[in-house]
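Colleague: Would you mind keeping the following structure in view while I ask a few things?
Bear in mind these aren't lab numbers, they're just calculated from the coordinates by the rules spelled out. Just so it is clear, the structure is predicted and the values come from calculations on it, not from any experiment.
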Amino acid sequence: MRISLFNKFISPLIYLFGTPGFALAAEVKADPCPKSGAFKPLCDITGANFGQFVGNFVTALMVLAALISLVFLIYGGVKWIMSEGDKTAVETARQTIIGAIVGLVVVFLSYLIVSIILGLFGITLANLVIPNLTVTP
């Protein structure tokens with residue numbers, strides 16, 4: 001089958017330059033930070049409160065990890081109940097429960113270790129301060 005010159009070269013150019021979106025595109029100068037709404041606190045992050053943001057983020061991640069681990073613990077228990085004595089199903093359910101318990105232990109131990117290390121320096125996750133580099137003339 002032979003491809004004509006029009007289909008190969010000219011048709012894509014007409015499509016590219018003939019579409020109204022491309023022809024009427026204009027530069028829009030908009031403020032990326034919203035003045036209100038749920039995402040406004042993200043634009044309010046400065047060097048002074050960045051540490052607090054990181055501390056809250058780490059705490060939220062640990063809570064999320066603990067919730068996911070608890071969901072897997074419940075899921076493993078339901079799988080064990082629904083296995084009806086099948087040895088392979090009981091073993092997979094048992095492995096799910098063990099994995100969930102190990103996950104919970106890892107989450108709580110990591111939070112404990114981070115809290116102890118930060119406590120040695122007199123810092124908590126709630127008032128985490130990120131040092132700045134300031135140059136004095």
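Colleague: By its C-alpha gyration tensor, with a ≥ b ≥ c as the square roots of the eigenvalues, how is region 45-108 shaped: rounded for a/c under 1.5, else prolate for a/b larger than b/c, else oblate?
Modeller: Prolate.
Colleague: Give me the number: length gained by fully extending Thr59 to Ile113, i.e. 0.36 nm times residue separation minus the C-alpha to C-alpha distance, one decimal in nm. Working shown, then result.
Modeller: Working: separation 54, 0.36 × 54 = 19.44 nm, distance 1.31 nm.
The span from Thr59 to Ile113 would gain 18.1 nm if fully extended.
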